[in-house]
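The values are calculated or read from the model by the stated rules, or taken from the named source; none is laboratory data. All figures in this text were calculated on a predicted structure; none of them were measured in a lab. For neighbour counting, all protein chains shown are included, and Cβ atoms are generated from backbone atoms with ideal geometry for every residue, glycine included. Side chains included, ligands, DNA and RNA excluded: accessible areas come from the protein's heavy atoms. Shrake-Rupley method; radii C 1.70, N 1.55, O 1.52, S 1.80 Å.
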Amino acid sequence: MEQRHLGRTGLRVSRIGLGTLTWGRDTDENDAADLLKVFWEAGGTLVDTADVYGDGEAEYLLGRLIERLVPRRDLVIATKAGSVPDPDRRFDGSRGHLLSALDASLARLGTDHVDLWQLHAFDQATPLDETLQALDIAVGSGRARYAGVSNFCGWQLAKAATWQLAGTGARSPLASTQMEYSLLQRGVEREVLPAALDLGVGLLPSSPLGRGVLTGKYRHSTPADSRGASEHMAPFVAPYLDDAASRIVDAVATAADGLAATPLQVALAWVRDRPGVVAPIVGARTAQQLTAALSVESLSLPDEIRGALDDVSAPVHHYPDQDWSTL
């Protein structure tokens, strides 16, 4: 699998990442082992997790598989901290919480460092300089090799990345931002992606298949074994089952027919090759699904098909995203 630099850093990662959102909850150890082995054998390196996935079970499960199944040195392990199971405070970006969370993640993963440590979200209640200081401490102490953010809007990303580049002392530049991005969700193109490109931050798209909808599995019905039929995942899928999404899914299916490919391959190739994108994170449930996603390595979309998909999925961007003097 092709390797790409993560942002403006020397860290190289596979251009498809493996997500572990369901590990330890819907994905048991046997299935997780199959997924990791298939991914590693295909040349994949970037494995994305978080301290809250499965209430910590995803990290614990990944840690049990490292060395027993795949050498630690062959993986780029990325985890996140900052989300908390508190209905009154969803995010905690305090220095104390973040560093404690990192230590707990390392213990579950059974490693002395993670390759990429990301802030899971922006915490309005904590001064940003305090939050970012936790990243500097983590990198400075060797517990994290690189630092990034997740779910930061445009101004939040620009502020954080600029602070890290311009601040005095030992600052760790942001290597990445992880955001939802697909043909069904192109909101990052308004401000997040332009900021990331300008500041040298690599984009790691989550839900690159539109929460599974872009595979076409929901075109005519909701399969009984799908996430859309799952009690706790159905609300996650539902926003992308409207008429607007259906038109985009139909266009993807048409393109796939013309290329003798699958809708999954077309949708994933589109987001993988967008400017600024480093590695879409694929959260497959089975080894068969992951193998299908990894088969996109050999596919590059022709310009005319890419342009047609751009047009059919184009979000409405007006003032101030366009040149206001022409409006």
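Points worth noting:
- Top of Gly167, Gly19, Gly43 by mean-square fluctuation, Gaussian network on the chain, Cα under 10 Å: Gly167
- Whole-number accessible area per residue in Å² for the chain, which is evaluated in the context of all protein chains at 1.4 Å: 44
- Relative to the compact-globule estimate of 2.2 N^0.38 Å, the Cα radius of gyration of the stretch 186-327 comes out at 1.10.
- Inter-site label distance for Leu69 and Thr162 at 7 Å from Cα along Cβ, in nm: 4.4
- The chain - percent relative contact order, Cα under 8 Å, separation 6 or more: 18
- Long-range amide H partners of Tyr146 with built H, under 5 Å: Leu116, Trp117
- Altogether, the Stokes-Einstein calculation at 4 °C and 1.567 mPa s, with the Kirkwood radius of the stretch 211-289 over Cα pairs as Rh, returns a diffusion coefficient of 96 µm²/s.
- Here the average projected area of the convex hull drawn through the C-alpha atoms of the stretch 1-142 stands at 8.6 nm².
- For q = 0.26 Å⁻¹, Debye-computed log10 I/I(0) when each Cα of the stretch 178-247 counts as one equal scatterer: -1.13
- Of interest is the spacing of the C-alpha centroids, which for the stretch 208-259 and the stretch 87-145 amounts to 34 Å.
- Just checking the listed ones, Ala147, Ala245, Ala314: in the Gaussian network model of the chain with Cα springs under 10 Å, the one fluctuating most is Ala314.
- Proximal charge balance of Asp74 [Cβ under 14 Å; K/R count +1, D/E count -1]: +2
- Cubic angstrom per residue, convex hull over Cα atoms of the stretch 75-209: 117
- Relative contact order of the stretch 252-327: 27 percent, from C-alpha pairs under 8 Å at least 6 residues apart in sequence.
- Put simply, the Cα atoms of the stretch 135-214 extend 44, 24, 15 Å along their principal axes, the longest span coming first.
- Computed from the C-beta positions of Ser246 and Leu128 and an R0 of 41 Å, the FRET efficiency is 0.55 to the nearest 0.05.
- Cα-based radius of gyration for the chain, normalised by 2.2 N^0.38 Å, reads 0.97.
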